[in-house]
1. Which length gain, in nm to one decimal place, applies between SER73 and ALA153 when the Cα-Cα distance is subtracted from 0.36 nm times their residue separation?
2. Starting with the highest mean, order 399-406, 337-344 by the number of other Cβ atoms within 10 Å, averaged over the residues of each peptide.
3. About the Cα centre, and with charges only on the beta carbon of Lys, Arg (+1) and Asp, Glu (-1), how big is the dipole of the chain? Nearest 20 debye, please.
4. Pulled fully out, how much extra length does the chain show between ARG462 and SER476, if you take 0.36 nm times their separation in residues and subtract their Cα-Cα distance?
5. How much of the accessible area of the chain, in percent, comes from carbon and sulfur atoms when a 1.4 Å probe is used?
6. Where in the stretch 109-203 are there GluC sites (Glu not before Pro) that are in a DSSP coil and have at most 16 other Cβ atoms within 10 angstrom of their Cβ?
7. Using amide H atoms built 1.01 Å from N in the peptide plane, name the residues 5+ places from PHE79, or on other chains, whose amide H lies under 5 Å from its own.
8. For every helix of n ≥ 4 consecutive DSSP H residues, a contribution of -39,500 (n - 2.57) applies; sum these over the chain, divide by its total residues, and give [θ] at 222 nm rounded to the nearest 500 deg cm²/dmol.
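The values are calculated or read from the model by the stated rules, or taken from the named source; none is laboratory data. Since the structure is predicted, the reported quantities are computational estimates derived from the model, not experimental observations. Cβ atoms come from the backbone with ideal geometry, glycine included; neighbour counts cover every protein chain shown. Side chains included, ligands, DNA and RNA excluded: accessible areas come from the protein's heavy atoms. Shrake-Rupley method; radii C 1.70, N 1.55, O 1.52, S 1.80 Å.
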Amino acid sequence: MRYLALLVLALFTSLGIAQKEDYTWVIGHDYNINDDVHGRIELSFKTAPPSIEYLTGDVNMNMFISNTSISDSSGNLIFYSNGCDIANDLGGILPNGDDINPGFYHNRLCDEIRRGYSAGYPSMVILPLPENDSIYYLFHNSVKYIPPPNEDAFVDRMLYSTVKIASGKKSVLEKNIPIIIDTLSTGGMGAVKHANGKDWWIIQSRDNSNQFYIFLFTKDGIVDTLLQTIGDIPPANQGLYGQTTFSSDGTRMIRFFPYTPIMNYTFDRFTGYFSNYSTFSVNYGSDFADQGGCAISPSGQYLYISALLQVYQFDLWATDISSSQVKVAVWDGFTDPIAISFLYCQPGPDCKIYIEGGGDTKYYHIIHNPDEAGLACNIEQRGLVFPIPSGASIPYFPNYRLGPIDNPGVPCSPVVATQQPTVTTPRCSVWPNPASSQLNFEFSNNSIKRIRLSDAFGRTARELNLSGTNNTCTISVSDLNSGVYIWQVEDSDSKVSVGKVLIH
C-alpha cells in the first residue's frame with residue numbers, strides 16, 4: 001500500500017498542476033525575539049510533509065498579521081512582504097522596496113516597535129500580471145491613524161506596488177499607487193480568477209457595510225471597478241475578529257463574524273457580481289468564540305469555522321446547512337505561554353487546511369482530510385511546530401491553479417519527493433477515454449484483485465474486489481460527476497498500476 005500511495009500522489013502531481021505560487025510560505029519573525037537577530041520561517045510544500053526552515057539575516061522583516069509571498073513555477077520563493085517593505089528570497093529589501101503603506105501607522109509599527117504591519121487578514125496578496133512572466137502586483141491595504149483626543153485607526157485605502165524581474169534581478173518599479181480611497185474593512189480582501197482563467201477579480205469590502213469593491217485585473221492592470229451592495233451589514237468593528245474566504249472554484253464567498261449568522265454568497269466569475277445571498281446560523285452553545293476564521297475544503301463541500309476554542313464543520317451541499325453543523329475539534333488546554341487556540345485559516349497546496357495557532361505563537365493546527373465528514377476530517381492540534389513565534393502571521397493565497405470555466409483544473413495536490421522507488425506494475429488497458437457510460441479494463445494477467453476509481457480529491461467513487469480469475473472487467477460510470485478520475489489496479493502481490501481518465 002505504500003507504493004499505491006506514492007503512485008497516486010505522483011499521478012496527482014502530474015495532472016497539469018504547474019502553478020506553485022503558494023508553495024513557500026514566509027512566516028514570523030516575532031518582534032519579541034532578540035533585536036540583534038532577524039530572520040524568517042520558510043514553510044515549503046515541495047515535500048510531504050512540508051519542511052520548516054528558520055533563516056536568519058540582518059534585515060528587520062518581522063511579521064504582524066499582514067503577510068504575503070509568492071513563488072516561481074518550481075515552488076521557490078521569489079519575494080515577500082510584511083506590509084512594511086518588500087524583500088527578496090534572501091531577506092534583503094528590494095531596490096525601492098522600502099516604506100510600503102507609508103504614514104504614521106507604518107512609522108509606529110514598522111520603524112519604532114519594528115513589529116510588522118497589520119491591516120487585518122487578509123489584507124495583502126501578490127498576483128502575477130496576466131500574460132506576463134516578469135511583472136508582479138502586490139495589492140495591499142493601508143491604515144490611517146488619527147491622534148488623540150479623537151484617537152482612531154482604520155483602513156482608508158487599497159494600494160498596489162509592482163515588482164519586475166529582469167535577467168534575474170528584482171526591483172520595485174512603482175509603489176503605494178492608490179486604487180481606491182475609502183473607509184475599508186479590516187481584512188476582507190480576496191482574489192478569484194476570472195472565468196477566462198487568465199485575469200483576476202479582486203474583492204474588498206467597505207467597513208461596517210454590505211458594499212463590495214470588485215476590481216478587474218488584466219494584462220493592462222486594473223481596468224474596471226464595480227461597486228455592489230448585497231447581503232447584511234456585519235457587526236460594527238468586527239473585521240479584525242473574523243475572516244472572509246472563497247471556495248477553490250471561486251463560485252462561493254463566505255464571511256464569518258463571531259456570534260453572527262454566516263454570510264453565504266454566490267460569485268459569478270464572468271461578470272464579477274455576487275448573487276443568491278443567504279445566511280445560516282452557528283450553534284455555539286456555551287462555547288466562547290469572540291474571534292476566529294474560516295476555510296472551505298478543496299471540493300467546496302465543507303466549511304470550517306475556527307471559533308477560537310473549537311472548530312465547527314458545515315456541509316455546504318446540504319439542504320439545511322445550519323443543521324449539518326458538527327464540532328470537529330475542541331481546544332485541548334495546551335498553552336505556550338498563551339492558549340494555542342484556533343484563529344485564521346488558509347488552505348494549503350497539499351489539500352490540507354492550516355489554522356494559525358491563536359495569535360503570536362509557534363504553532364499551526366492541521367486539518368488533514370478536510371473533504372471528509374465529521375471527525376474523519378482529522379484535525380491535528382499543533383501539527384506544525386516552528387522554532388520561533390510566528391508574529392501572528394499566516395500568508396494569504398488565492399487559488400492560483402483555477403482555470404477557465406470549462407477546464408477549472410485541480411485546486412491542490414499532495415506533494416511528493418522527486419525520487420520514487422521503482423515498481424514493477426501489472427499491465428492494464430483502460431478504455432474509452434474520455435468515458436461517459438462505462439469503463440472497460442483489460443489486464444495482462446488474471447491475478448488482479450482490486451480496482452478503485454477515485455475523484456481528483458482522492459475520494460473513492462468506485463471500488464470493485466475481483467476473484468483473480470478474469471482478465472477483463474467493466475465498470476459503470478454514468479452516474480458520476482464530470483471530471484478527471486484516477487483508476488488504480490492492484491494485483492495479488494499488492495503491485496499497482498495507476499492512470500487517469502476523463503469522465504463527462
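1. Full-extension gain reported as 25.0 nm.
2. 337-344, 399-406
3. Approximately 1140 debye in magnitude.
4. Contour length minus Cα-Cα distance gives 4.1 nm.
5. Details: 9750 of 20270 Å².
Reported share for carbon and sulfur atoms: 48 percent.
6. GLU131, GLU151
7. For PHE79, the qualifying residues are ILE70.
8. After summing the helix terms and dividing by the residues of the chain, the value is -500 deg cm²/dmol.
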